[in-house]
Every structure is written in C-alpha cells, then in structure tokens.
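Read the figures in this text as sums done on the coordinates, not as results from a lab. Just so we're clear, the structure is a prediction, and the values are computed from it rather than from any experiment. For neighbour counting, all protein chains shown are included, and Cβ atoms are generated from backbone atoms with ideal geometry for every residue, glycine included.
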Amino acid sequence: MKIIEVGTGYTSIPANMGAATEIVVEELSKSFQNKKINYEIFDVKDENRKKTNLKIREVNIPKCFRKKDTTLGILHKFKRVLYSLSLAKSLKKEIKFSKENLYIHFHNQYNMFFFLIMTSKKIRKRVHLFYTVHSYIWNNEWEKISSIIRKKYFQEVYSIKKADKVFVLNNITANHFINHLGIDEKRLVQIDNGVNTEIYKEINSNQEKFVFFQSGSVCERKNQLGAIKNLTKLLQDDERYKYLYAGGIIDSKYKDAIDTYVYNNNLKNKVEYVGELQPGEQINKFYNSAKAFIFPSTAEAFSLVILEAMSCGLPVIMNKKNILEVSDDLKKVILFYENQESFDNLIKNYILNEQERKKICKKSRDIAVKKYSWDVISNKYLNEFKNNN
C-alpha cells in the first residue's frame, strides 16, 4: 500500500504562508511518516522549498510560473492548468511502474480533473482515487450557489463523480452532493481538519495589552472590518485593548476600507495589521500574545485557524452568521454572537471575566488535543483508504 498525497500547486509544501489546503497535505503526510505508512507527496517544483524531511516528488513546470501567486487571476489559472497537466503525466508514470497498491488523494479540482481526462479507464482501475472537498462555496444554500457551481466548479463536480470516495468537511456539502448531484451517500465521508498540537501550544507571554487576534486573508469574506466595528467602543474606551489581524491581502480595496474606518474612528494605535505570517512558530507567537481569537468570517468550509487558536488555549469568538457547521465538541468552547448586543455580552461575561476565560482556555486546548490532533484525523483517513478494496 502506498498513499500519494497530491499538492495543489498553489504554493509549495511545506507552506511558507497560510495556505490551508497545503497545510492539510503537509500535516497528513507528517502523520503518515510518523506512523511509518508508505506515502509520497507529488508537488510543484520549487528551488526555494523550505527545508523538510517529507518525501516529495517534484512536478516540473516552466520557471516563470513557479513563483508564489495569490492574486487568483488568469496567470494563476494558467499555472494551475500547466501544473495539473504535468502532474497527470507524473502520476500515470508512477501507476505504470509501481508495484504498490496505490491510493491517490487529491485536494484540488484542477489536479484531479486533468488527471481524469488524460488517463484511461483501464489505467484508473489500477488505483484507488480519493478527493477531499476544501472549498467553502458548497457550504451555503443551493439556490445561492448553483449558478456558481456550473460556471466555476464544474471540474470539481466531475472529480467528485469519478472518485472512489469523497471526503467532506461538513454535512451541508454532503447533502448538496446527494440531493443535487446524485452522489451515493456511501461514497461520502465527513472528516474534519486537524491541528498540529505540538506547534500550536501555549508559551509564556508577558503582553501588557489585552489583544484580540484574527488570522485570515484580508477580504470581505473574512470580515476583518466587521470585527473592528464590533470592537470599536471597547477599543476607544480602554487604552489596554488592541486588535491585531494577520493574513495576505487579496482585496486591496477592502484593506483601504479598513484603513479609512480606522482613521475616521481614531483607532490608529488600537488596530494593527501585522502582515502575512508564516505557519508554525511565527503565527503561534501571535496566538499567544492574545486573550481571545476573533472569527467574524461569513463563509467557511472548516477553518484551520479555529483549531490553531484552540490548541493555543484561546477562546474563539465566532460570527453566528457564518454557516460553518460546528461539532458538539466545539460548541462547548466557541462563543457565538449574532449582533452587537450579543457580542458585547459575551465579551463582558466570558472574555473580560478572567475566571470564565481561563475555564474556556483549558477546555479549548483539551478538545484540540483529544479530538483534532493530526494523528487522530489521519487515522480516520487511513481507515477509509484501507476499507476501499
């Protein structure tokens, strides 16, 4: 048995930026390696790849397309196509010469779609094909997303229909596949994302200010401006309080709107953008500088940053308007708000109340370790791989 984890080509593995899917591939592979499971990552060629002991097979594309690209424009799409075509050739070669029972795990629609159209049914019958759906787009009402699915996610639909088994992050996605795409529910398995509890953990921090922290791409969906508006009065009334946010800027106009609001409300010294932080030790320091993690996002599939914050022993304050499904375990520690009044109440009763805050902090860390460590999550994947014979 050999598991092939397929990198998306968005950025190389190990990720040197907060690229969630690449982090999932990396952490799953680390766990397989620790368990002495035969695996290999197929990933885009990168001369500047971060040092790693992971087993990686590089897939070549023209050098001009190897640079990190977060704009998601036409050049990025062209890069995805080129990488996917080259990837398909590499995978076909591996299938042809390998004597192992191969389990190929895709995480991106471009990658699997082009593999499928470039590979005959005869070749595909020799391997087991798996696909994990990471996109947040499915986590919404069908009437709101059906036209978007037809235009932008037809490759994912094709991949889902051809995979031996499909992994989803929430029930809403699974129900769409069953009710609107005709996918047999026996081929669908819900497996949550995980967190590296050895990297994301509590460290000694002597911060004087009471910091609220948020991490995620700077854009309207992540709703940093909403968080600032909710915190405005608190930040204005007490000099100890501060809001920090991190993440790559993918919408410069939205960042300008944040800056304008901050300036107009005299919050220049209370709101700070700390840039795009590297996963691991760097961002862990910011989690540990905070008293609470703000999660005002309006749409997600399953957010890694929630688990990272919990693993660091932080309370998570979540926007209830986010359709994100939350397990019963997470409901025990996540604090939900739906308007300014409920936001203010939970800040007063659970965050500024140090005794209550510490109770939540301990529960958060405990749940992260027991339920969401990558060793726990990778076992779920392994069971599904082994059962697909």
* Structure fact -> Taking a straight Cα-to-Cα line shorter than 13 Å from Lys165, and setting aside same-chain aspartates and glutamates fewer than 8 residues away, one finds Asp184, Glu185, Glu384
* Structure fact -> Among Lys152/Lys332; Lys144/Lys186; Lys242/Lys380, the pairs whose Cα-Cα distance exceeds 30 Å are Lys152/Lys332; Lys242/Lys380
* Taking Cα pairs under 8 Å and at least six residues apart, what relative contact order does the chain come out at, in percent? -> 15
* Structure fact -> Rg/Rh of the stretch 16-131 (Cα atoms, Kirkwood Rh), to two decimals, equals 0.95
* How much net charge surrounds Met112 when only the other residues with a Cβ under 10 Å from the Cβ of Met112 are counted, with Lys and Arg +1 and Asp and Glu -1? -> 0
* Structure fact -> Expressed as a whole-number percentage, the relative contact order of the stretch 227-335 with C-alpha contacts under 8 angstrom and at least six residues apart is 22
* Structure fact -> Of the residues Tyr263, Gln282, Ser84, the Cα lying farthest along the dipole of the chain towards its positive end, which is defined by charges on the beta carbon of Lys, Arg, Asp and Glu, belongs to Ser84
* Structure fact -> DSSP beta bridges in the chain: the antiparallel percent, rounded to 5, is 0
* Structure fact -> Given 129-135, 54-60, the highest-first ranking by average Cβ count within 10 Å works out to 129-135, 54-60
* In degrees between 0 and 90, to the nearest 10, how far off the longest principal axis of the chain does helix 354-372 point, with axes built from Cα atoms? -> 0
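Over all pairs of distinct alpha carbons, what does the Kirkwood formula give as the hydrodynamic radius of the stretch 80-199, in Å? Before the final figure, lay out each step's value.
Values: mean 1/r = 0.0652 Å⁻¹.
Here the Kirkwood hydrodynamic radius works out to 15.3 Å.
Sorted from largest to smallest, which semi-axis lengths in Å does the alpha carbon gyration tensor of the stretch 176-216 give for its equivalent ellipsoid, taking the root of 5 times each eigenvalue? Present the calculation step by step, with values, prior to reporting the outcome.
Values: eigenvalues 353, 44, 6 Å².
In descending order, the three semi-axes are 42, 15, 5 Å.
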* Structure fact -> If Met17, Met112 are placed from fewest to most neighbouring beta carbons inside 10 Å, the sequence is Met17, Met112
* **the chain, dipole about Cα centre (Lys/Arg Cβ +1, Asp/Glu Cβ -1), debye to the nearest 20** => 1600
* To do: On each of the three principal axes of the Cα atoms of the chain, give max minus min coordinate, whole Å, ordered largest first.
  => 68, 45, 40
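Compute for the stretch 210-372: radius of gyration divided by Kirkwood radius, i.e. Rg/Rh, restricted to C-alpha atoms, rounded to two decimals.
Working: Rg = 14.7 Å, Rh = 15.8 Å.
That ratio is 0.93, to two decimals.
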* **Given charges at Cβ of Lys, Arg, Asp, Glu: the chain dipole, positive-most of Ser373, Ser120, Ile351** => Ser120
